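This report concerns only the one structure given below.
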Amino acid sequence: MAEKKSKMPRFNLTWLYMVIALVLGYLVLTSDKTQLAGASSKTVSYTEFKQYVTQGYASRIVVNKKEGSLVMYVKSDHIRDVFKVDGVQPGRQPYVETEFLSAEKLQDFLDEQESLGNFSGNVSHQSGDSGMMNFLWSFGPLILIILFWLVMMRRVGGGGGGGAMGIFNVGRSRAQLVEKDQAGKVTFQDVAGQAGAKQEVQEIVEFLKNPKKYTDLGGKIPKGALLVGPPGTGKTLLAKAVAGEADVPFFSMSGSDFVEMFVGVGASRVRDLFRQAKEKAPCIIFIDEIDAVGRARANRAAMGSNDERESTLNQLLTEMDGFGTNSGVIILAATNRADILDKALLRAGRFDRQIHVDLPDVNERKEIFQVHLRPLKTDNTLDIDFLARQTPGFSGADIANVCNEAALIAARGSKEAVGKEDFLAAVDRIIGGLEKKTKVMTAEEKRTIALHEAGHASISWLLQYANPLVKVTIVPRGRALGAAWYLPEERQITTREQMLDEMCATLGGRAAEELFTGHISSGAMNDLERVTKQAYGMIAYMGMGQEIPNLCYYNNDEYGFQKPYSEATAQLIDKEVKDMIAEQYARAKKILSEHASEHGQLAQLLVEREVIFAEDVERIFGPRPWASRTEELLASDVENEEKEKPLSEDEAETDKTE
């Protein structure tokens, strides 16, 4: 039976503010003494009071019959006569207080003075007990200040003085606790690819589930594991899967949750987090983006917030591996900047393992596509193998974005299912940007762009190690006036010959412009930038130079201001880079000259149709004699799946008969 919701109105702090405002208004309107704060006043005898009234000093009189006292307000013209001062605070009216014995005699006296013209003011009476008003007047401001302070502290602390976010609990941990029986968990089945990383974290889960299996052999539980990898590769998703599979309490928080403007709060939160974890051991603590608090400490003394961050880090180091024991508490952390973490944090005994969560390869991208395609309605034109090959360098988050973008494109076209063209359009949109068909260009500009893109396509088709072509377009997309899509070969190592072929294909656009139009344009700027960086890396880092071979000048110090080589070596590197690019540029022009007719047909087809595919290039140049390494990887993966597939009953019976 569902629990009935309470119909009582929620408490709103606005009501409290209104009550305070009403009380203040009441005090202003009902208490005459609210006007007297800071004014001149004195207590006099009843005889002196009568003299002041007789001399015409009184402007108004307030009588409290029950207490037998009165207040007489003095006219501004007679302030000096009564108080011996030149003036009072602006807006204040001085008064004198006195006591009387008989209200009737007082009234007779006032009536007499009024008839004589000595007193023309009004007389008001206070018949109630003013003790409460005097109390409010004396202690009301202090009470209001205390109430205001409590209310503001509740608001600053997040709405509850007793909650974990209250001002008095600012040092409490903000970790989110996931209990072991909580529903809707993520499991390892929801994590596609990353077989190596999953195997590493599964060992941690297995240890928590069955520790005796390891401790009987003398093994010890690893105290921590650091998930390292580029953004979007699934580090946090792996941690969620660990929480779902481990069946133990799971504390989750971000590294920035430790950081606070108050000194000492970060260290206090670290202590509170580990205190809670020890109470619920065995359990897992997950700290996302740990580089926010685990950045390497400076060599020189720091000031301000840096001291607070370092004290938080010191407390974290102590809790992870200090004199105290954290039996049964495992720390998982994720970062994409492991290079800036403090070395003390990475040592064995704190983070015993570094689990690298890299960008998925072609087979892992296929698995990730299969996960994200489950909720989509797709048609039979979809080719997952082709999608996996066309998205090199995509992370799991990028692939999820492709699937979502494809669904949006299909819905925009009022389709009943998402097809291959929708996914291709989604990939193009993410890589190149939105199409800009409204850009106006002349026929000469269009022909130059077509020759440029056809140059890339021709050379990449004719060279063995260049990336196979998928599509070429001269429709402006994003900031590019034209683009070509390839299927980059995913290699574990890259040879010098392979890199030179890629460089030659990249220079094919500029070479085609100069060869067939007689001039060069600014359209090759991005190509030249890529080629220059690639040639510099080959010469200075990979030791592929002719005159300075087998030398690497890579410098890991990002704050260094000196080059790790001399000026003479720098000149030699510049010369080698220049010669390498010039050699590949001449090679590109030579190849295009030998295949000028085919290149011209391809450029003309591109001018007419604006978009051409690999089938059009194959029809003009003929089939490529070289097989794609990526296709070989996919084919071997399919072959392995066929071998591992269990035999059906008919196949098993046939096997027995044979």
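The values are calculated or read from the model by the stated rules, or taken from the named source; none is laboratory data. Quantities reported herein were computed from a predicted structural model and do not represent experimental measurements. For neighbour counting, all protein chains shown are included, and Cβ atoms are generated from backbone atoms with ideal geometry for every residue, glycine included.
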### Task
Quick one: in region 564-580, of everything that is within 41 Å of the chain's Cα centre (by Cα) and closer than 21 Å to Glu529 by Cα, which residue is modelled with the lowest pLDDT?
Ala570
### Query
Here are Ser597, Ser593: which of them is loosely packed, with under 13 Cβ neighbours inside 10 Å, assigned by TED's automatic domain parsing to the domain that holds Thr506 and touching a residue at least 24 places away in the same chain (Cβ under 8 Å)?
Ser593
### Task
Could you tell me whether region 57-77 includes any residue that is modelled with pLDDT of 80 or more and charged (D, E, K, R)?
yes
### Query
When only residues in region 196-216 that are closer than 27 Å to Arg374 by Cβ and loosely packed, with under 13 Cβ neighbours inside 10 Å count, which is modelled with the lowest pLDDT?
Gly196
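Regarding Gln89, is this residue modelled with pLDDT under 85 and under 24 Å from Pro141 (Cα atoms)?
Answer is yes for this residue.
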### Message
Every residue in region 330-357 that is surrounded by 19 or more Cβ atoms within 10 Å (Cβ to Cβ), touching a helix residue (DSSP H, G or I) at 6+ places or on another chain (Cβ under 7 Å) and within 16 Å of Ala239 (Cβ to Cβ), please.
### Response
Ile330, Ile331, Leu332, Ala334, Thr335, Phe351, Ile355, Val357
### Task
Report yes if some residue within region 323-331 is over 15 Å from Gly193 (Cα atoms) and either in a helix (DSSP H, G or I) or not assigned by TED's automatic domain parsing to the domain that holds Ser254 (or both); otherwise report no.
no
### Query
So which residues in region 243-264 are under 22 Å from the mean Cα position of the chain (by Cα) and not hydroxyl-bearing (Ser, Thr, Tyr), if there are any at all?
Ala243, Phe250, Phe251, Met253, Gly255, Asp257, Phe258, Val259, Glu260, Met261
### Task
Scan Lys377, Lys471 and give me the residue that is more than 20 Å from Gly193 (Cα to Cα) and in contact (Cβ under 8 Å) with a residue 60 or more places away in the chain.
Lys471
### Summary
Out of (1) surrounded by 12 or more Cβ atoms within 10 Å (Cβ to Cβ); (2) within 21 Å of Leu346 (Cα to Cα), the one Gly219 does not meet is (1)
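To keep it simple, each residue is scored yes or no on (1) farther than 21 Å from Lys590 by Cβ; (2) among the hydroxyl-bearing types (Ser, Thr, Tyr); (3) without any contact (Cβ under 8 Å) to a residue 60 or more places away in the chain; (4) not assigned by TED's automatic domain parsing to the domain that holds Val472.
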| residue | (1), (2), (3), (4) |
| --- | --- |
| Thr494 | yes, yes, yes, no |
| Gln534 | no, no, yes, no |
| Gly537 | yes, no, yes, no |
| Tyr541 | yes, yes, yes, no |
| Gln546 | no, no, yes, no |
| Leu572 | yes, no, yes, no |
### Query
Filter region 450-507 for residues that are at pLDDT 80 or above, of a type in the set (Val, Ile, Thr) and not in a strand (DSSP E or B); which is nearest to Glu529 (Cα to Cα)?
Thr506
#### Entry: Filter result for Leu515 (out of contact with any Phe, Trp or Tyr (no Cβ under 7 Å at 6 or more places or on another chain) and part of a helix (DSSP H, G or I))
yes
### Task
Check off (1) surrounded by 11 or more Cβ atoms within 10 Å (Cβ to Cβ); (2) at pLDDT 75 or above; (3) outside the structural domain of Val329 (by TED's automatic domain parsing) for Val156 and give me the number that stays unchecked.
(2)
